[in-house]
Amino acid sequence: MTHQELVSCVGWTTAEELYSCSDDHQIVKWNLLTSETSQIVKLPDDIYPIDLHWFPKSLGTKKQTQAESFVLTSSDGKFHLISKLGRVEKSVEAHCGAVLAGRWNYEGTALVTVGEDGQIKIWSKTGMLRSTLAQQGTPVYSVAWGPDSEKVLYTAGKQLIIKPLQPNAKVLQWKAHDGIILKVDWNSVNDLILSAGEDCKYKVWDSYGRPLYSSQPHEHPITSVAWAPDGELFAVGSFHTLRLCDKTGWSYALEKPNTGSIFNIAWSIDGTQVAGACGNGHVVFAHVIEQRWEWKNFQVTLTKRRTMQVRNVLNDAVDLLEFRDRVIKASLNYAHLVVSTSLQCYVFSIKNWNTPLIFDLKEGTVSLILQAERHFLLVDGGGIYLYSYEGRFLSAPKFPGMRTDILNAQTVSLSNDTIAIKDKADEKIIFLFEASTGKPLGDGKLLSHKVMTLAVFNINSHFFFQINVFILRRKTWNLPLYLKQVCG
C-alpha cells in the first residue's frame, strides 16, 4: 500500500514502525521488519493532515515500550487526539484556518499548536485550552519546545522567537533568514536550534539566537529539518534532496531521491534511521552508516546496519564483526570495543575480536556509552548503568528529577572511581557517585559557577574535575579553568 497524494507528515512508534499521513486522507503503518504496510484509518474527506507528533513515552518505571497515541493537526482548524489503533479520541477546534504544527512537551503534560491565524496556544494533554501564548499577524509555520519545556520557539515570517511560558519573562527575537522560515527544531541534548527557510538555507543557532552555521543557498527552499535524538546529527529535506549533517552544520552525505519536496523528517527513536514525507506520495527511508571509531592503531567502521569492519593500521589486518540486530551505539577505548544493538550489548577485547562477551539489554535504545579503564557506562531511557568489561553489573546511580533523555558526553563523565553528572535543572550542581556502588559521594552535590562542560580524568591516581565556566565580571567575560580535587 502506498499513498496516492502528497505525504504531509511521518512519525515513529518504535525503531521499526512508522505512521504516515497523506492528503489522500489515509493513515498508513509501515513495518520495517516485515516490509508490510497497512491502513490504520481513513480520515473524513474534509480532514487534510498537516502535522503528526506521538505522545512521549512516560519516563521512569512506567515507561512504555512504544508510543500509544498521537496528535494530528489538520487544515480544518482542528487538532485530533488519535490512538495507535486509529480511533479518534477527541477533536478540538483550535485555530482559524489550518493548524500548521502541534508538539507535545517532553513530559507529555502540555501541547503547543500554531496556525495560519498567527496564534500560539498551549493545551493540556486532554485537549483543554490553557493559554494563548502569543498572537501575530503572520502564519506560524513551525514550533518547538525548549529542552526544559519552559520555553517555546516559533516562526514569525523571517524572524525566530523564543517565548517563555512564564508571563512577563523576557522574549528573545531575531532575524534568522532572508525568506519565510518554514521549519524549526530544538534539540533537548545539545540545546541547539535548527531553522529552514524559503531563502534555500538551513542554519544552526544556539539557544541565545547566536548563529553557529549557515548553509550555502540550495536550488530550492529547505522544507524540513530534524535533529537526531542524541543531537550529534541532523537531517535536511528539500526538493529531490535529503542531506545528513554533523551538529556543527557540515554535510556528511547527500542523496537525491526522486521524491519531490520532503515536507517532514522524523528520526527513529534509536537515531539509526530517518523517514521523510514526500510530495510525490512516497515515504523515503534512510539508514545511517559509515560511522567510524578510532583508538591507537585500531579503526572500526560501521559498514552496514549489522556489520562492522575492524582494521589494524599497523599491519592492515581486517576483521569483520557481524551482529544479529542493527548497531545503535558504539565506543572504542581502553582496549575494548563496546557495541549496543537493539537487544544486546557486545564487549570486544582488541586481543580477540572473535569471542565477544554478550549480555541482554533491559531497553534497546542506548543513547550514550562512556568508557573508563576498569568499566563502562550505558545510558538508556530507563536509567544509567555501570558494567565491568566482564559484563558484570556494578551500579545504577540515580538522583531526583533525573532525565536520561538529555544526558550526553558533556553532562556525564566517568573515571575508575567516580561518576559525575551535571544537573540540567540547576547548572550550578554536579552530582557525584561512587562508580562501584552508585551511592552519592558525600551529599552528592558539588556547588560551583555555571558549568558548561564536564570531564573527570585521572592524573597520577588522583581524580580531578575539569570545569569550564563563564563568569561575568563587570563588562568582561573570562573563561577560567578550575581544577577541583575530589578524592585521592
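Nothing in this text is a laboratory measurement; each read-out follows from the coordinates by a stated rule. Given the structure is predicted, the values throughout are model-derived calculations rather than measurements. Neighbour counts are summed over all protein chains in view; Cβ atoms, including those assigned to glycine, are modelled from backbone coordinates with ideal geometry.
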For the stretch 290-373: Kirkwood Rh in Å [reciprocal of mean 1/r, alpha carbons]: 12.9
Does the stretch 7-287 classify as rounded, prolate or oblate by the C-alpha gyration tensor (a ≥ b ≥ c root eigenvalues; a/c under 1.5 gives rounded; else a/b over b/c gives prolate, otherwise oblate)? rounded
So if R0 is 41 Å, what FRET efficiency would Y252 and R87 give, r being the distance between their Cβ atoms, rounded to the nearest 0.05? 0.50
Once you treat every alpha carbon in the chain as an equal point and sum by Debye, what is log10 I(q)/I(0) at q = 0.07, 0.08 Å⁻¹? -0.39, -0.51
The stretch 44-137 - Rg (one decimal) and Dmax (whole number), Cα, Å: 13.2, 44
Rounded to whole Hz and in sequence order, give me ³J(HN,Hα) for the stretch 166-175 from the Karplus expression 6.51 cos²θ - 1.76 cosθ + 1.60, θ = phi - 60°, writing x for Gly and Pro. 5, x, 6, 6, 5, 9, 9, 9, 8, 6
Which one, T37, V99, W54, projects farthest toward the positive side of the charge dipole computed for the stretch 12-160 from Cβ point charges (K/R +1, D/E -1)? W54
Could you name the aspartates and glutamates in cross-link range of K57, using Cα to Cα under 14 Å and dropping any fewer than eight places away on the same chain? E68, E107, D270, E363, D380, D405
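Order these by the 10 Å Cβ neighbour count, fewest first: F79, F376.
F376, F79
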Could you list which residues have their amide H under 5 Å from that of K151, counting only those 5 or more apart in sequence or on another chain, with H placed in the peptide plane? G146, L165
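Fewest to most neighbouring Cβ within 10 Å: what's the order for T241, T126, T155?
If I rank by nearby Cβ atoms, fewest first, I get T126, T241, T155.
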Final fewest-first order of Y19, Y106, Y141 on the 10 Å Cβ neighbour count is Y106, Y141, Y19
Treat every Asp and Glu Cβ in the stretch 289-361 as -1 and every Lys and Arg Cβ as +1, leave all other atoms uncharged, and give the resulting dipole magnitude about the Cα centre to the nearest 20 debye. 120
In whole Hz, the Karplus estimates of ³J(HN,Hα) for the stretch 146-152 (6.51, -1.76, 1.60; θ = phi - 60°; x where Gly or Pro) are x, x, 8, 6, 9, 9, 10
Magnitude of the Cβ-charge dipole (Lys and Arg +1, Asp and Glu -1) of the chain about the Cα centre, nearest 20 debye, reported as 1420
Spacing of the two label points (7 Å from each Cα toward its C-beta) at K175 and Q344, in nm: 5.8
Most positive-pole-ward Cα, L320, G401, T365, against dipole of the stretch 311-402 from beta carbon charges: G401
Reach of K121 by Cα under 19 Å, taken over lysines that are not fewer than 8 positions away in the same chain: K78, K90, K151, K163, K170, K183
Spelling out what I want: for every residue of the stretch 278-290, take phi, set θ = phi - 60°, compute 6.51 cos²θ - 1.76 cosθ + 1.60 (Karplus), and round to whole Hz; glycine and proline get x. 10, x, 8, x, 8, 10, 9, 10, 9, 10, 7, 9, 6
Inter-label distance for R392 and R306, nm, one decimal - labels placed 7 Å from Cα along Cα-to-Cβ: 3.3
